[in-house]
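A short write-up of the structure that comes next.
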Amino acid sequence: MTVSEQTLVPGAGRTAAPPRLGTVVMKFGGTSVGDPERIKRVAGRLVAAREAGARVVGVVSAMGRTTDELIGLAREVASRPDPRELDMLLSTGERISCALVAMAARELGHEAISLTGSQAGIITDSVHTKAKIVEVRATRINAALDRAQIVLVAGFQGMSATRDITTLGRGGSDTTAVALAAALGADACEIYTDVDGVFTADPRVVPDTRKLAAVTYAEMLELAAAGAKVLQLRSVEFARNHGVRLHVRSTFGDEPGTWVIEEDEHVERAAISGVTHTVEEAVYRVQGPTPAVLFPALAGAHVNVDTIIQTSSDVIVFSAPLEDRGTTAGVLDELGASWSERDDLGKVSIVGAGMKSHPGVAARTFTTLRDLRIEPQFISTSPIKIAFYVPHGEVEEAVRALHAAFELGSDTEVRRG
Ligand code: ADP
Ligand code: ASP
Ligand code: MG
């Protein structure tokens with residue numbers, strides 16, 4: 001299975017005792033806090049939860065496209081911005097939104113306090129721009145909650161052992177929220193976003209996509225790893241490892257969204273839960289170093305190798321994020337490998353826990369592609385996933401055709417959770 005390294009949170013265990021009734025962590029993404037009106041709406045939701053008696057922690061992302069704009073700004077002054085300074089810069093986006101939400105909550109007559117990641121006790125390793133949370137020291141949050149304050153935490157950031165500000169990788173506010181939910185023993189972690197939940201495919205690509213009432217942690221890990229960016233991969237790993245109940249739902253309404261749940265053998269599962277895709281990977285073909293030399297070297301440089309697609313006696317093919325391109329090239333050159341890279345391929349993945357008990361999924365996948373004259377390359381599988389690469393221009397067509405072939409559209413019966 002294509003999951004990144006497991007995250008250990010020794011501090012979560014120490015500070016988690018005993019679970020307090022009625023703590024909720026509510027995370028709001030960039031669209032949810034995109035302008036002052038929306039910020040007031042977020043404050044209204046937090047206040048409503050507080051008035052209903054919950055201990056409320058809000059985690060917020062940067063407003064709208066702030067993070068992209070800050071990255072753009074950095075690139076205007078430096079060709080390869082220094083990672084420490086980049087983190088210093090990017091962390092400001094979330095500081096802005098969390099202070100604004102706290103002010104708006106106060107305006108509604110409630111005690112509220114905003115905290116940066118470091119003030120909130122989020123301790124990470126020192127890998128700038130993709131740091132991992134290693135401990136959550138929740139004393140200050142707990143004290144504020146005990147004073148009945150609504151606590152706003154800036155997502156996506158923490159502090160390393162050397163007291164440097166770090167960020168958690170794109171989409172990292174999801175992981176902040178889940179880590180806090182684990183550390184605080186929260187009843188649930190609610191992820192408010194710009195779609196109604198987790199869908200059978202990206203609603204921006206497939207018109208008749210359908211919201212899932214529930215997905216298992218294993219399915220959500222595969223979906224997130226395969227490009228369904230609605231939850232950061234690491235947040236799902238974290239939720240599974242710490243038993244955090246995750247609810248992905250719309251910031252624009254009150255309808256239930258998608259629950260991420262443990263596998264329940266008694267629930268009848270459809271063969272397929274979703275078809276997902278990504279065009280943000282490069283595929284490398286390497287000759288020279290053995291796998292035992294190559295992969296430790298890449299890991300040492302913090303390259304998140306996604307899929308090791310194929311190995312023969314002297315050729316290794318693997319994929320890695322586009323953003324790690326420079327680092328990957330550096331590692332390969334240092335090893336004296338002869339290698340080539342392709343960035344014209346996208347990955348399509350079909351995910352479903354029911355795949356294990358429904359034969360014929362691979363057959364239907366590949367006959368559907370054949371009928372479209374699409375040739376899949378570098379096929380890889382897990383017990384609940386089939387993935388393959390096609391040229392960028394064919395990705396969306398393949399996603400839509402497979403979504404239809406597996407009858408995932410909105411006119412078919414909604415799956416029970
Ligand atoms: P936020 O800013 O709230 O964190 P993101 O942009 O990170 O939101 O994630 C939500 C987006 O994920 C949606 O707008 C949607 O386009 C995309 N997405 C991709 N695949 C899926 C899927 N299977 N289900 C839901 N959303 C998906
Ligand atoms: N603002 C960060 C990003 O755009 C973190 C997040 O939104 O979760 O990636
Ligand atoms: Mg996100």
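Output wanted: per-residue J couplings in Hz (rounded whole) for segment 359-375, from phi through Karplus 6.51 cos²θ - 1.76 cosθ + 1.60, θ = phi - 60°, x for Gly and Pro.
Along segment 359-375, the couplings run x, x, 5, 5, 4, 5, 4, 7, 6, 4, 5, 4, 4, 8, 6, 9, 9 Hz.
In square angstrom, what is the accessible area per residue of segment 316-417 with a 1.4 angstrom probe? Intermediate results must be reported in sequence, preceding the final value.
Working: 4980 Å² over 102 residues.
Computed with neighbouring chains in place, this is 49 Å² per residue.
Using a Cα distance threshold of under 23 Å, what count of lysine pairs results for the chain when pairs must be 8 or more residues apart or interchain?
So the count of such lysine pairs works out to 17.
Helix 325-334: angle to the longest alpha-carbon principal axis of the chain, degrees 0 to 90, nearest 10?
Between helix and principal axis, roughly 60 degrees.
For S250, list long-range residues whose amide hydrogen, built 1.01 Å from N in the peptide plane, is under 5 Å from its own amide hydrogen.
Residues meeting the criterion, in which the H sits 1.01 Å from N, are T193.
Keeping the other protein chains in place, figure out the carbon and sulfur percent of the accessible area of the chain, with a 1.4 Å probe.
Of all accessible area on the chain, carbon and sulfur atoms account for 51 percent.
Through the Karplus equation 6.51 cos²θ - 1.76 cosθ + 1.60, θ set to phi - 60°, convert the phi angles of segment 198-209 into ³J(HN,Hα) values in whole Hz; use x for Gly and Pro.
8, 10, 5, 6, 4, x, 7, 10, 10, x, 9, 5
Which cross-chain or sequence-distant (5 or more) residues have an amide H under 5 Å from the amide H of G274, H modelled 1.01 Å from N in plane?
For G274, the qualifying residues are V351.
Under the classification rounded if a/c is under 1.5, otherwise prolate if a/b is larger than b/c and oblate if not, where does segment 214-280 fall, given a ≥ b ≥ c as square roots of the Cα gyration tensor eigenvalues?
rounded
Could you pull out every residue, at least 5 positions away or on a different chain, whose amide H is within less than 5 Å of the one on V33? Hs are placed 1.01 Å off N in the peptide plane, and Pro or chain starts have none.
When sequence neighbours closer than 5 places are left aside, the close amide H contacts are G64.
Using mean Cβ contacts within 10 Å as the protection proxy, how do 166-177, 86-97 order, highest first? Could you put the intermediate results ahead of the total?
Numbers: 166-177: 27.2, 86-97: 21.8.
My ranking of the peptides, most packed first, is 166-177, 86-97.
In whole percent, what relative contact order does the chain give with Cα contacts below 8 Å and a gap of six or more residues?
15
Roll a 1.4 Å probe over the protein heavy atoms and report the accessible area of I39 in Å², nearest 10.
Looks like 10 Å² after rounding.
Run the quick spin-label model on S338 and F252: label points 7 Å from Cα toward the beta carbon, then report their separation in nm to one decimal.
5.4
With a ≥ b ≥ c taken as the square roots of the eigenvalues of the C-alpha gyration tensor of segment 144-206, please select rounded if a/c is under 1.5 and otherwise prolate if a/b is larger than b/c or oblate if it is not?
oblate
In what sequence, largest accessible area first, do F366, F252, F156 appear using a 1.4 Å probe?
Final ranking, largest accessible area leading: F252, F366, F156.
From the helices alone, meaning DSSP H stretches of at least four residues, give me the mean residue ellipticity at 222 nm for the chain, per-run term -39500 (n - 2.57), in deg cm²/dmol to the nearest 500.
-10500 deg cm²/dmol
Cβ neighbours within 10 Å, averaged per peptide: list 235-241, 270-276, 73-79 in order, most packed at the top.
Going from most to least packed, we get 270-276, 235-241, 73-79.
Helix 36-51 against the longest principal axis of the chain: what's the angle in degrees, Cα atoms only, rounded to the nearest 10?
With both axes taken from Cα atoms, the answer is about 70 degrees.
Give me a comma-separated list of calculated 3J(HN,Hα) values for segment 128-144, in order, Karplus coefficients 6.51, -1.76, 1.60 applied at θ = phi - 60°, integers in Hz, x for any Gly or Pro.
Those phi angles translate into 4, 6, 8, 6, 10, 6, 10, 7, 10, 9, 8, 3, 5, 5, 4, 5, 5 Hz.
Between V293 and S357, what is the label-point separation in nm under the 7 Å Cα-to-beta-carbon projection?
For the pair S357/V293, the computed spacing is 4.8 nm.
Given the options V24, V315, V399, which has the most mean-square fluctuation in a GNM of the chain, springs set between C-alpha atoms less than 10 angstrom apart?
V315
How would you classify the chain from its alpha-carbon gyration tensor, with a ≥ b ≥ c the square roots of the eigenvalues: rounded for a/c under 1.5, else prolate if a/b is greater than b/c, otherwise oblate?
Taking the square roots of the gyration eigenvalues as a ≥ b ≥ c, the chain is oblate.
Over the chain, what is the percentage of antiparallel beta bridges among all DSSP beta bridges, to the nearest 5? It would help to have the intermediate numbers written out before the result.
On the way: 41 of 69 bridges.
In the chain, DSSP labels about 60 percent of beta bridges as antiparallel.
Gain in length, T368 to V127, computed as 0.36 nm per residue apart minus the alpha-carbon separation, to one decimal in nm?
82.5 nm
Express the accessible area of segment 175-283 per residue in Å², computed with a 1.4 Å probe while the remaining protein chains stay in the model.
That works out to 33 Å² for each residue.
The values are calculated or read from the model by the stated rules, or taken from the named source; none is laboratory data. Because the structure is predicted, anything quoted here is derived from the model rather than measured. Counting neighbours? That spans all protein chains shown, and the Cβs are built from the backbone with ideal geometry, glycine included. The accessibility values were calculated without ligands, DNA or RNA, using every heavy atom of the protein model including side chains. Shrake-Rupley method; radii C 1.70, N 1.55, O 1.52, S 1.80 Å.
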